[in-house]
Amino acid sequence: MPHPPPVRVAVLVSGGGTNLQALLDALHDSPLARVARVISSRADAGALERARRASVPTAVLRDPGDPAELLAALGDAQLVVLAGYVKLVPAAVVSRFRGRMINIHPALLPEFGGPGMYGQHVHDAVLASGATESGATVHFADEEFDRGKIIAQERVPVRPGDTPDSLAARVLEAEHRLLPRVVLDLAKRIG
Ligand code: GRF
């Protein structure tokens, strides 16, 4: 039985792209899935350079709130991954990719998520709460920030003396393990 072609994955980015890099590395030569395009909300995102180095087509959105522009940029993608993407996805795009769009968040949702809860703010809040563990969450993305059904999580300890930076680094390592695993699992079901 010949392999079906790899699932075409579109990755939405806004920042440095370390999660994108983890996907590029994990999906390199995979028969299951490939990063087919990288779409950024910012022209200066470091993630764009990572895509170019991997010869992956890129696009920069003029207006991330415009559903037509984003749908055109997504083209024939079969799975959409928000990886460090900080904008809300327009409802028409969420509908088109219902059940096929995921997001990674650097905390154990449903705690420490929602508007304004990104980057440093997340780890500040986790430390302030006295929580003894944090982690990464991959969930289905919908019309709101960080609210969709949780797919998988990976927990990490919060250590005494942790700073937001030391906790962020530990969580980021968990993200880089979790996201590729979830994408490959989903690709097996979509492909
Ligand atoms: C990561 O913590 C991710 O969870 C959050 O943005 C941070 C940076 O992501 N959404 P990346 O390095 O741009 O992939």
(request) Starting from the exponent 0.38 and prefactor 2.2 Å, build the expected Rg for the chain from its residue count and divide its actual Cα Rg by it. (result) 0.99
(request) Quickly work out the residue 181-to-residue 155 label distance, labels modelled 7 Å from Cα along the C-beta direction, and quote it in nm with one decimal. (result) 1.4 nm
(request) With a ≥ b ≥ c taken as the square roots of the eigenvalues of the C-alpha gyration tensor of region 1-114, please select rounded if a/c is under 1.5 and otherwise prolate if a/b is larger than b/c or oblate if it is not? (result) rounded
(message) Give me the extension gain from residue 88 to residue 29: residue separation times 0.36 nm, minus the current Cα-Cα distance, reported in nm with one decimal.
(response) 18.1 nm
(request) Multiply the residue gap between residue 68 and residue 172 by 0.36 nm, knock off their C-alpha separation, and tell me the result in nm, one decimal place. (result) 34.2 nm
(request) Over region 1-47, consider all pairs of different Cα atoms and compute the Kirkwood hydrodynamic radius from their mean reciprocal separation; express it in Å, one decimal. (result) 11.4 Å
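Every number here is computed from the coordinates shown, using simple stated rules; none is lab data. Everything numeric here is computed off the predicted structure, so don't read it as measured data. For neighbour counting, all protein chains shown are included, and Cβ atoms are generated from backbone atoms with ideal geometry for every residue, glycine included.
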